[in-house]
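The next block holds one structure in the form of structure tokens; read it before the comments.
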Amino acid sequence: MKPAGFLFASLILFAPALAGADTLCLIDGSRVECKIVKRTAKGIFYRRGEGDVEFASSSLVAAVEINENYGQAPKGPEAEPPAAGEDAGSKGKAEEKAPVATAEALVPKLGEGEEKRLLALIEGLGNTNRAERAQAQDSVAAYGLPATPYLVKAMKEKGNNLRAMGGAEALGAMGDKARNCVWALLARLLDANGDGKGPLSQEAASFAYEVSRALTGITGQDFGYVPFGFISSPEARTGALDKWKKWWEENSKDYPPQLDMERKKTSDNAAPPAQTAAETK
């Protein structure tokens, strides 16, 4: 059963675009053209066209793009009266300092039973039976966004390359629902490429191949990274990785906050993938 947030996102995915409008960027990759009316710690009040004021919970919003042409921020509905013992000034100050949600906080949480089922399916990603492994991948991918942190973790397993590969394959199968994993995938690709000198081991090449396919499945980009075969060379692989890194530096702002389970970060999209790979080793 999908979280309610996905229903909300699907309802507004096809909202008509408004010329010069602000934009709500949702965690599933969809965008809502609207006019921001009011921002609070709990969410955002907005209006599409001449319609009524609507509300989007902070847990569903990855980013907000404000159109500078609007000039001053529009006045919203009358502010809620402060609670007993709270003055209006302190209430407004608290809302202004609301923290930006992390990538982890934006992922809907699974119930205990669903989490156990998902973990069992992820265990199956390491199955040596090809058919059963493929079935596990499809089942995990069907979870969508809630499964992404578990799959990022599975990709970092050192003792089971099949499970790590399966984690990458499942993310690629999710497409737009795994847009919060692009940075983690790039970091894993850099790790698998090693020092960039000489051919890759069979294990590293197989993993790099699946990670590269997953990146293409999520972003639609393909920079010709080939980890094995007669057309593969250290120079060609390095050139493809450089293109990936340049693309990410130029486009990361269009993606939601990124997951990276082990990385110590100060902000979600600030550093290039090369730094991410170094920090996670």
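No lab work stands behind these numbers, since they all come straight from the coordinates. Nothing here was measured: the structure is a model prediction, and the numbers come from that model. Glycine gets a Cβ as well: all are built from the backbone with ideal geometry, and neighbour counts include every protein chain shown.
What to note about this one:
- In sequence order, calculated HN-Hα J values of segment 134-140 (Karplus, 6.51, -1.76, 1.60; Hz; x Gly/Pro): 5, 5, 5, 4, 4, 5, 5
- In plain terms, the residue of I122, I66 with the fewest other Cβ atoms within 10 Å comes first and the most crowded comes last, giving I66, I122.
- Inter-probe distance in nm under a simple model that places probes 7 Å from Cα toward Cβ, at E123 and Q221: 3.7
- For segment 112-280, the orientation-averaged shadow of the C-alpha convex hull comes to 9.6 nm² (one quarter of the hull surface).
- Cα→Cβ-extended label distance, 7 Å offset, between D52 and E112, nm: 3.9
- Label-point separation, N251 to E104 (7 Å along Cα→Cβ), nm: 2.8
- Multiplying the residue separation of Q135 and K158 by 0.36 nm and subtracting their alpha-carbon distance yields 6.0 nm.
- Applying both filters, DSSP loop and at most 16 other Cβ atoms within 10 Å, to the trypsin sites (Lys or Arg not before Pro) of segment 26-70 gives K42.
- Neighbourhood net charge (15 Å Cβ-Cβ; Lys/Arg +1, Asp/Glu -1) for G239: +2
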